[in-house]
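Scroll down for the structure; my scribbles are underneath it.
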Amino acid sequence: MNKYKKHSAVVAATFLSGVLFLSSVVLSHCEIPCGIYDDTMRINMMFEHIQTIEKSMRQIHELSEGNDKNYNQLTRWIINKENHSDQLSDIVTQYFMKQRIAPVETGGGKEYDAYIKQLTLLHKLMVYSMKCKQTTELDNVTKLRETLTQFKAEYPGVKESSITEHKHSH
């Protein structure tokens, strides 16, 4: 086995073990229901996850372009990107879809239209989050951020004045 194949095998094994470990640690909101909800905080957390995914992708690009690759750091940034994509998806499903967006009977009307729009935006968030896991294309981060901004505007439980997008220095 040549040196490149050994490094690839080590990177793959490290990556898979990290993903398996991180996927077993799921932090989600309770389903009792407890009645304690902070929609604005969740939206802020989602923006922070998006910023972290973007930073991870930029670091992966930077580390991949160098001649002397640091596989350890590259693997850590990949795992970080995947972890934050999963956490964002967990907020979408565990918090918003399971607990905050109540089903509305079909038949049209304002409530039903709002329900469908919110579900559609949440579904897009999940798809773009998945695409962020699959690639390092920054266009997916842009789509994720734009979709979250649209959801924030359509969801009535968010206090606009307290939303802040988190910025990482690049």
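The values are calculated or read from the model by the stated rules, or taken from the named source; none is laboratory data. This structure is a prediction, so every number in the text was calculated from the model and none was measured. Cβ placement follows ideal geometry from the backbone for every residue including glycine, while neighbour counts extend to all protein chains displayed.
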*Sole exception among (1) modelled with pLDDT of 95 or more; (2) farther than 15 Å from Ser129 by Cα; (3) of a type in the set (A, V, I, L, M) for Ile101, by number*: (1)
*From the residues in region 80-110 that are surrounded by fewer than 18 Cβ atoms within 10 Å (Cβ to Cβ) and among the aliphatic types (A, V, I, L, M), which one is nearest to the chain's Cα centre (by Cα)?*
Met97
*Collect the residues in region 105-136 that are assigned to a loop (DSSP other than H, G, I, E, B) and in contact (Cβ under 8 Å) with a residue 12 or more places away in the chain, keeping them in residue-number order.*
Thr136
*Thr75 vs. criteria among the β-branched types (Val, Ile, Thr), at pLDDT 95 or above, closer than 13 Å to Ser56 by Cβ and assigned to a loop (DSSP other than H, G, I, E, B)*: no
*asked:* Test of understanding: among Glu48, Glu82, Glu65, Glu31, which residue is modelled with pLDDT of 80 or more and in contact with a Lys or Arg (Cβ under 8 Å, 6 or more places away or on another chain)?
replied: Glu82
_Any chance Thr147 is surrounded by 16 or more Cβ atoms within 10 Å (Cβ to Cβ), in a loop (DSSP other than H, G, I, E, B) and at pLDDT 95 or above_ = no
*Of these, Ile78, Ile60, Ile91, which one is under 21 Å from Met45 (Cβ atoms) and touching a helix residue (DSSP H, G or I) at 6+ places or on another chain (Cβ under 9 Å)?*
Ile91
*Tell me, yes or no, whether region 55-66 has at least one residue that is among the small types (Gly, Ala, Ser), surrounded by fewer than 15 Cβ atoms within 10 Å (Cβ to Cβ) and within 15 Å of Glu137 (Cβ to Cβ).*
yes
